[in-house]
Amino acid sequence: MASLPDHIGLDFGNHSVKAVQLRDISRNPSLVAFASQPTPIGVINSEDESHQAQLADALRVLYEDGGFRTRNVVAALPEFSIFTRFLEFPGVKESELEDAIHWQAKQVVPIPMSEIQMSWILLGRDESKNAYRVLLVAAPRKLIDLYVKIVQMAKLDLVAIETEAIAAGRSVYRSANVSDAVILDLGSQSTDMGIMVGGELLFSQSIAVGSDSLTRAIASEFSFEYNQAEEYKRNYGIDPSQLEGKIYQVLKPVVDSVIAEIRRGIEFFKTRTLKSAPDQFLLIGDGSLLPGLVVYLSQELMANVQLADPWNGIKIDKKQEAILSKGRSAYAVAVGLALKAE
Ligand SMILES: Nc1ncnc2c1ncn2[C@@H]1O[C@H](COP(=O)(O)OP(=O)(O)OP(=O)(O)O)[C@@H](O)[C@H]1O
Ligand SMILES: [Mg+2]
């Protein structure tokens with residue numbers, strides 16, 4: 001594979017767009033620049049031209065404010081619009097592999113083949129089964145075209161595209177020094193789960209409940225304005241010792257619904273891969289900053305849960321460090337994209 005030029009990692013989220021540029025990524029990475037910009041409401045994945053123009057404008061502001069040193073961009077497609085599946089091909093020869101993958105893809109991808117762009121990552125071989133192991137990734141063509149267009153409208157050059165889960169896996173693997181982990185990306189509209197085994201992402205799934213659902217639950221329970229509810233969420237979180245457990249009681253059922261989906265995803269992963277699931281969970285995304293969340297998830301999942309620090313092992317100057325200090329786990333996808341070498 002060709003190596004990528006110097007570039008910015010660009011993470012499009014429903015809540016914010018985040019960007020990171022690093023230098024010397026293969027030997028001794030250091031931070032050149034980073035920035036984030038609120039995403040205008042309702043513009044992500046929109047086919048409406050005016051929405052696309054708004055998103056491109058936000059991107060332009062992000063670029064100008066960030067002090068980046070290149071116009072090359074590697075972007076991630078939102079996880080909820082991507083299909084990934086781990087596949088094994090027992091007895092299939094290398095020369096037959098590509099045809100076998102295409103045949104399998106037709107069976108498992110729920111979108112017509114004419115409407116998707118498919119790619120796959122060869123994960124190696126399972127010698128005991130005489131089988132190639134492959135991660136299949138399929139994205140709607142329309143969506144890829146959309147992001148190519150938006151990046152162009154902002155006068156930037158898109159040099160590569162990948163999925164959020166793969167990017168997050170790269171930065172977590174590098175920074176956390178663990179090769180087996182469940183990665184949970186807590187965003188505004190969704191909670192995305194990736195399962196990494198042996199440093200490779202084998203599974204990803206998007207759960208359609210995000211941190212905005214927590215804010216809405218507080219707003220509706222106490223008849224608060226949205227912004228006030230957001231403040232309560234960030235201040236008190238899912239901690240039974242705060243406000244006599246009143247916020248905790250409201251957030252618990254929403255978080256429990258996500259936990260139920262996480263468990264379901266893990267069961268699905270186990271039946272597909274016949275592997276046991278990692279018992280280490282690493283949290284990323286701004287929603288991971290919810291007070292009390294790490295403790296609550298540790299108890300409920302009976303696992304080791306921690307915030308990931310994607311910046312670990314990246315040289316950062318004092319001034320940048322101070323700005324980053326609050327939400328280090330939030331940039332995992334953008335850092336992973338910035339670290340993509342080929
Ligand atoms: N300190 C905090 N405590 C709790 N929640 C927070 C905190 N800061 C931000 N959030 C929540 O995190 C969410 C935004 O997270 P993030 O920026 O990772 O989302 P996104 O990637 O833009 O969204 P998505 O992944 O759904 O596209 C919002 O719901 C916001 O309320
Ligand atoms: Mg996100």
* Of all residues in the stretch 94-151, how many are under 30 Å from residue 18 (Cβ atoms) and either small (Gly, Ala, Ser) or touching a Cys at 6+ places or on another chain (Cβ under 9 Å) (or both)? -> 3
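Which ranges mark the strands (runs of 3 or more DSSP E) fully within the stretch 70-143 that have 2 or more residues being closer than 20 Å to residue 342 by Cβ?
In the stretch 70-143, the matching strands (runs of 3 or more DSSP E) lie at 72-77, 116-126, 131-140.
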* **Scan of the stretch 60-83 for residues that are among the hydroxyl-bearing types (Ser, Thr, Tyr) and away from ligand 2 (no atom under 16 Å from the Cβ), ordered by number** => 63, 70
* Structure fact -> Counting only residues in the stretch 287-326 that are polar (S, T, N, Q) and part of a loop (DSSP other than H, G, I, E, B), the one nearest to residue 27 (Cα to Cα) is identified as 312
* To do: Would you mind telling me which numbered condition in (1) within 16 Å of ligand 1 (Cβ to nearest atom); (2) surrounded by fewer than 20 Cβ atoms within 10 Å (Cβ to Cβ) residue 35 fails?
  => (2)
* Mind listing whichever residues of the stretch 140-183 are under 15 Å from the mean Cα position of the chain (by Cα) and of a type in the set (Gly, Ala, Ser)? => 165, 167, 168, 169, 171, 181
* Going through the stretch 279-328 one residue at a time, which ones are among the charged types (D, E, K, R) and within 16 Å of ligand 2 (Cβ to nearest atom)? -> 286, 328
* Structure fact -> Per the filter on the stretch 225-273, residues of a type in the set (A, V, I, L, M, F, W, C), touching a Phe, Trp or Tyr at 6+ places or on another chain (Cβ under 7 Å) and closer than 30 Å to residue 201 by Cα are 238, 255, 269
* Are there any pairs with C-beta distances below 8 angstrom linking a residue in the stretch 76-99 that is touching a residue at least 12 places away in the same chain (Cβ under 8 Å) to a residue that is more than 16 Å from ligand 1 (Cβ to nearest atom) and of a type in the set (Asp, Glu), with the two at least 6 apart or on different chains, and if so which? -> 88/126
* For residue 287, which of the numbered conditions (1) modelled with pLDDT under 95; (2) under 19 Å from the mean Cα position of the chain (by Cα) fails to hold? -> (1)
* Asked: Looking at the stretch 182-189, is at least one residue in a helix (DSSP H, G or I), of a type in the set (A, V, I, L, M, F, W, C) and either farther than 23 Å from residue 119 by Cα or within 16 Å of ligand 2 (Cβ to nearest atom) (or both)?
  -> no
* To do: Hey, can you tell me all the residues within the stretch 263-292 that are among the aromatic types (Phe, Trp, Tyr) and under 17 Å from residue 86 (Cα atoms)?
  => 268, 269
* Asked: Can you tell me which residue in the stretch 257-286 is surrounded by the most Cβ atoms within 10 Å (Cβ to Cβ), limited to those that are assigned to a strand (DSSP E or B) and more than 16 Å from ligand 1 (Cβ to nearest atom)?
  -> 281
* Which residue, of 64, 47, is over 23 Å from the mean Cα position of the chain (by Cα) and either outside any loop (DSSP other than H, G, I, E, B) or away from ligand 1 (no atom under 16 Å from the Cβ) (or both)? -> 64
* Structure fact -> Among residues of the stretch 209-221 being surrounded by fewer than 22 Cβ atoms within 10 Å (Cβ to Cβ) and touching a helix residue (DSSP H, G or I) at 6+ places or on another chain (Cβ under 7 Å), the residue nearest to residue 283 (Cα to Cα) is 209
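The values are calculated or read from the model by the stated rules, or taken from the named source; none is laboratory data. Source: prediction; values computed, not measured. Here Cβ is always computed from backbone atoms with ideal geometry, including for glycine, and neighbour counts include all displayed protein chains.
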